[in-house]
Structures are given as structure tokens and as C-alpha cells.
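The block underneath contains the structure these notes are about, expressed in C-alpha cells.
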Amino acid sequence: MNIIKLHATDSTNTYLKEMARNIAIPDETVVITENQQKGRGQRGNGWFSTPEGSLTFSIFKEFDVLPVRDHFKISMAVSLAIIEVLENIKVIRAMIKWPNDILSGNKKLAGILVENSLVNERIKFTVIGIGLNVGIGHFPDLPRAISVSECTEEPVNREELFDVIFKTCVRYLQKLNTTTFDVLQQEYERHLFHINEVSLFENARTMERFQGIIRGISREGELIVETDSGFTRQVGVKELRLLY
Ligand code: BTN
């Protein structure tokens, strides 16, 4: 295990990507910091963390052969790894909000940022950033955020939680090539927030709102939504927001 602990950095994902670009680093290297100063989230958003209340780390994983069309397997594997850990410590109603937000009930506990490096239609390596709210007491302007310590009656130790999440993610990632898309998809959909429920969506471009029912995810990792008219659409993460 190659663990790099930094006192502070802008973003563990940026740091690890830069490192991988410049030197040969061991597979499954992890970079962790208590002071992430410019945390990056999905869709160009930031990521809020505090030195005492958060876990912010990134994992570097190489693949011999992983076709680009299998990219969503990475998101599914890491989401399921985190769900497994949270369920083991009895976090209530741990769920995945597509594509890879981790919720307890309808509040966000963790976010995942997957950044792949491609060569000839293959994913050569990936940097998976995980931000987890462990014991943040107050979230400025983030009414939908919550911490692990508020969602379980078990004692939560940040170092132990990091260790078990890291190891569980690595276990899932090591099995990625031998686990079929369908097996991951089935587990992922079992934990998918709002599956088979009427939900409100917003078109990310036109801001138009509409109702629909999430029926699952496609082979490309797009969300399958049945609209009012009974019409089924597959939508990508840049096209749609689930309002909840
Ligand atoms: C999201 O939900 O928008 C994804 C958030 C990912 C945050 C983590 S924290 C560690 C790693 N470094 C970053 O800059 N981002 C990810």
C-alpha cells in the first residue's frame, strides 16, 4: 500500500493526476489530506471539507485492459464499495444517487469524482476522488449535506473509516475486469435513489422541468427515465438534474 499524506493541497485528484503524468507511481497509490483547499466536484462544482470533519482522498488505479465503453463500471464499483462500508457501520438508508453521489435518506454524505486517462479507446488509469462528510457539524449553504456521524449510532473513527473504504474500493477495483457489467448494474440499481418512483427532473440546458420515473441505468451509464407520456429516454449527466 502506498499512502501519501499531505498536510495541504488544492485537490487530491489534481495532485495525483499531475503525479501520474510526471512519474511512474505504484498501482493503488492513495493521496489523502486534511486540508483540501480547492476541492473539485462533478460538473465543475467545488467540494466543501473541513480539517476535522472530512475525509478527502484520491486513489490511482491502473488497468491492463479496460475499454472506454466500460467506464461506468468504475463509478458503480466505487459507489458500491462505499455503500458496503456504510451499511456495515449501520448508516441508515445508504443509497446511490445517479451517477455517484452517496446519500443517507435524501441527504448527501459523499461525492465521487472519477477522472480517466485514455489511450486508444482504453482506460489506462483512473484517479478516483472521494469526499466523505464524517463529522462536519455545520454546512454553509448546503442544506442537502449530512455527516456519517449523524446517520449511525455506531462510533465513527475517521482513520479507521478511511482505511476500510480504501481497502474496500481497491477490492472492488481489482475485480473490475472479472465482474460483468450486469452484475454491478444489478447491485447498483438495488441501491439507486428514487428508482421506480415518480421524480422531478430539470433539463440542464433549457432548465425545463418534467416528471419521470427512473427505471435504471444503461450500458453507457446513462439514466433510463420513463416520462409522463410513457416514452423512455436515456440521459447523460450533463443533460439532466434530478431534483430532490
Ligand atoms: C461531487 O459530488 O461533486 C464529487 C466530489 C468529489 C470530492 C473529492 S474530495 C477528494 C477528491 N479531490 C477533489 O478535488 N475532489 C475529490
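The values are calculated or read from the model by the stated rules, or taken from the named source; none is laboratory data. Please read all numbers here as calculations on a predicted model, not as lab measurements. No Cβ is skipped: glycine too gets one built from the backbone with ideal geometry, and neighbour counts run over all protein chains shown. For accessibility, only protein heavy atoms count, side chains too; no ligands or nucleic acids. Shrake-Rupley method; radii C 1.70, N 1.55, O 1.52, S 1.80 Å.
Among 24, 35, 99, whose Cα lies farthest out toward the positive end of the dipole of segment 1-101, if unit charges sit on the beta carbon of Lys, Arg (+1) and Asp, Glu (-1)?
It is 99, whose Cα lies furthest towards the positive end.
Report residue 1's accessible area, 1.4 Å probe, all protein chains in place, as a number in Å² to the nearest 10.
Spelled out: residue 1, probe radius 1.4 Å, area about 150 Å².
Take the solvent-accessible surface of the protein heavy atoms, probe 1.4 Å, and return the percent of it on the chain that carbon and sulfur atoms account for.
Answer for the chain is 48 percent, counting heavy atoms of protein chains only.
Could you give the dipole magnitude of segment 105-184 about its Cα centre, charging the beta-carbon of Lys and Arg +1 and that of Asp and Glu -1, in debye to the nearest 20?
So the dipole magnitude of segment 105-184 works out to roughly 280 debye.
State the antiparallel share, in %, of DSSP beta bridges confined to the chain, rounding to the nearest 5. The partial results should precede the final answer.
Numbers: 51 of 59 bridges.
The antiparallel fraction comes to roughly 85 percent.
Leaving ligands, DNA and RNA out of it, work out the accessible area of residue 60 with a 1.4 Å probe and give it in Å² to the nearest 10.
10
Rank these by accessible area, largest first, 1.4 Å probe: 165, 92.
92, 165
Arrange the residues 98, 47 by how much accessible surface each exposes, largest first, with a 1.4 angstrom probe.
Highest to lowest solvent-accessible surface, that is 47, 98.
Roughly how big is the chain's charge dipole about its Cα centre, with Cβ charges of +1 (Lys, Arg) and -1 (Asp, Glu), in debye to the nearest 20? All intermediate terms of the calculation are to be shown ahead of the outcome.
Working: 29 positive and 32 negative charges, 91 e Å.
Dipole magnitude for the chain comes out near 440 debye.
Under the rule a/c < 1.5 gives rounded, and otherwise a/b versus b/c splits prolate from oblate, where does segment 134-214 land using the Cα gyration tensor?
oblate
Among 237, 134, what's the order by accessible area (1.4 angstrom probe), most exposed first?
Heavy-atom accessible area, descending, gives 237, 134.
Given a Förster distance of 22 angstrom, what is the FRET efficiency for residue 153 paired with residue 35, based on the Cβ-Cβ distance and rounded to 0.05?
On the way: r = 30 Å, r/R0 = 1.35.
Given R0 = 22 Å and the Cβ-Cβ separation, E is 0.15.
For segment 178-244, give the share of DSSP beta bridges that are antiparallel, in percent and rounded to the nearest 5; count only bridges with both residues there.
95
Which whole-number percent of Cα pairs in segment 177-243 have a distance greater than 21 Å?
Counting pairs separated by more than 21 Å, the tail of P(r) holds 24 percent.
Take residue 18 and residue 209, extend 7 Å from each Cα along the Cα→Cβ direction, and tell me the distance between the two endpoints in nm.
Label-label distance for residue 18 and residue 209, simple model: 4.1 nm.
State in Å² the accessible area per residue of segment 126-244; use a 1.4 Å probe, count heavy atoms of protein chains only, and round to the nearest integer.
Accessible surface, normalised per residue, equals 54 Å².
Over segment 12-170, what per residue volume does the convex hull of the Cα atoms give, in whole Å³?
112
How large is the accessible surface of residue 10 in square angstrom, using a 1.4 angstrom probe and rounding to the nearest 10?
80
Which whole-percent values make up P(r) of segment 123-173 when all C-alpha to C-alpha distances are grouped in 10 Å steps starting at zero?
20, 43, 28, 9, 0
Could you tell me the distance between the Cα centroids of segment 44-63 and segment 196-218, to the nearest Å?
28
Show me the ranking of peptides 193-204, 77-88, 109-120 by mean Cβ neighbours inside 10 Å, starting with the highest.
Details: 193-204: 15.0, 77-88: 21.7, 109-120: 17.5.
Highest-to-lowest ranking by the protection proxy: 77-88, 109-120, 193-204.
Could you list, in their original order, any pairs among 17/124; 108/238; 107/167; 61/175; 38/90 whose Cα atoms are separated by more than 23 Å?
107/167; 38/90
Multiplying the sequence separation of residue 64 and residue 202 by 0.36 nm and subtracting their Cα-Cα distance, what value in nm do you get?
45.8 nm
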